[in-house]
Each structure stands twice: as structure tokens, then as C-alpha cells.
1. Once the other residues with Cβ under 11 Å from the Cβ of THR79 are scored (Lys, Arg +1; Asp, Glu -1), what is the net sum?
2. Can you tell me how region 31-70 classifies by the Cα gyration tensor, rounded, prolate or oblate, using a/c under 1.5 as the rounded cut?
3. Hey, got the dipole for region 42-172? About the Cα centre, +1 on K and R Cβ, -1 on D and E Cβ, debye to the nearest 20?
4. Is the shape of region 55-136 rounded, prolate or oblate, going by the alpha carbon gyration tensor and its root eigenvalues a ≥ b ≥ c, with a/c under 1.5 for rounded and a/b larger than b/c for prolate?
5. Using a Förster distance of 45 angstrom, determine the FRET efficiency expected from the C-beta separation of VAL162 and THR43, and round it to 0.05.
6. First select every other residue whose beta carbon is under 15 angstrom from the beta carbon of HIS47; then total the charges, Lys and Arg +1, Asp and Glu -1.
7. Roughly speaking, to the nearest percent, how much of region 43-130's 1.4 Å accessible area is carbon and sulfur?
8. Using the Cα gyration tensor of region 13-156, with a ≥ b ≥ c the square roots of its eigenvalues, what is the shape: rounded (a/c below 1.5), prolate (a/b larger than b/c) or oblate (neither)?
Amino acid sequence: MRIRALFTFILVALGAAQAPLAAQDEDVVVFLVRHGEVEPDGTSDPHLSDTGRERAQLLATIMRDAGVTHLHSTNLNRTRQTGEALGADTGLDISLYDYRDLPGFAQHLAATSGRHVVLGHSNTTPDVVAALGGEPGTPINELEFDRLYVVTLHPDGTSTTVLLRYGTPYGG
């Protein structure tokens, strides 16, 4: 019941934020998430676990009506796999970004109109939020996979940040 209420809240919040984006004079909206839970395999590039795949599907479901126009991911299995269901639902390809140049990537996002989903990591997602002028909050815990940041970049150079949660927190 609690998950259903949270899911409903997220859908309402995303629906309230919808407005068509057509020009540089419009807001740029950036949704940022950490990849889903992984299946440890002894490598530095593991795949998503069953729970991670479920979370990725939930992300696709809650973002279905958000008007996403761009998908961005690091070039690792877990981030790309987190965006696959959303890419399939929207028909969008996943563009890769270099996690070693987050300020440059943030500039690219700010200069590209539309609604972006950025798939990242516990140590990069808050840094991208900050580089966009948003409020990243506390560091992301190693077992925390449920943050969904919404950073809105306004034409006047200001930004607003909303932090939502999706799925069961802390993989539990």
C-alpha cells in the first residue's frame, strides 16, 4: 500500500511539471537517477540484478508521460541497462556521456532544450546535479538506488531541484 501511494505521488508530481518545450526560452528539465541494483560478479562492470531490472522497469513506467526527449548514460552495463526499458518505451536511443567531464556534460545539458534523463552513479549523479546549479543533498549511500532528482533550468539562469523517491528505498 505504501509503495502504491508513493508511486501515485510521483506520477502526480511528474504530471504537474509537464509543459511543452519548444525553444531556448523554455525550461530545460533534467531527471537524474543512479543505476539500479547490481548482481556482483567480481568485475568493475556488473549487470543489473533482478531487483535492478525491476527498478529500471519502474523508472520507465513513471517516466512514460514525462515528455522525455533525451536519454544519457555512462558507458557501463548497469547504467545502460537501467535506461533500456525507458528507451524502448520512448523510442529514444541512449547517448553516452563521459563521467570524467561532468562540468562539460552539464553545460551540454543546459544548452540542449528538452527533457533529459541522466543515468549515473552514486558518485556522479550528485555532482551533475550540483554542476547544473541544483541541490544534491547528502551523499548517496552505497545501498541507495531510489533517488530521482528533477532539476529544472530556467531561462533566467536559475534552477530548482526536487528530490523524489521511486521504488523501495535501500533495496529493501
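1. The answer is +1.
2. On the way: a/c = 3.95, a/b = 2.16, b/c = 1.83.
It is prolate, given that a/c is not under 1.5 and a/b is the larger ratio.
3. With Lys and Arg at +1 and Asp and Glu at -1, about 120 debye.
4. In terms of gyration-tensor shape, prolate.
5. 0.85
6. Working: positive: ARG53, ARG55, ARG78, ARG80; negative: GLU37, GLU39, ASP41, ASP45, ASP50, GLU54, GLU84.
With Lys, Arg at +1 and Asp, Glu at -1, the net is -3.
7. Result for region 43-130: 45 percent of the exposed heavy-atom area is carbon or sulfur.
8. Prolate, since a/c reaches 1.5 and a/b exceeds b/c.
The values are calculated or read from the model by the stated rules, or taken from the named source; none is laboratory data. Since this is a predicted model, take the numbers as computed values, not measurements. Please note: Cβ atoms are built from the backbone with ideal geometry, for glycine as well, and neighbour counts cover all protein chains shown. Only protein heavy atoms, including side chains, enter the accessible area calculation; ligands, DNA and RNA are left aside. Shrake-Rupley method; radii C 1.70, N 1.55, O 1.52, S 1.80 Å.
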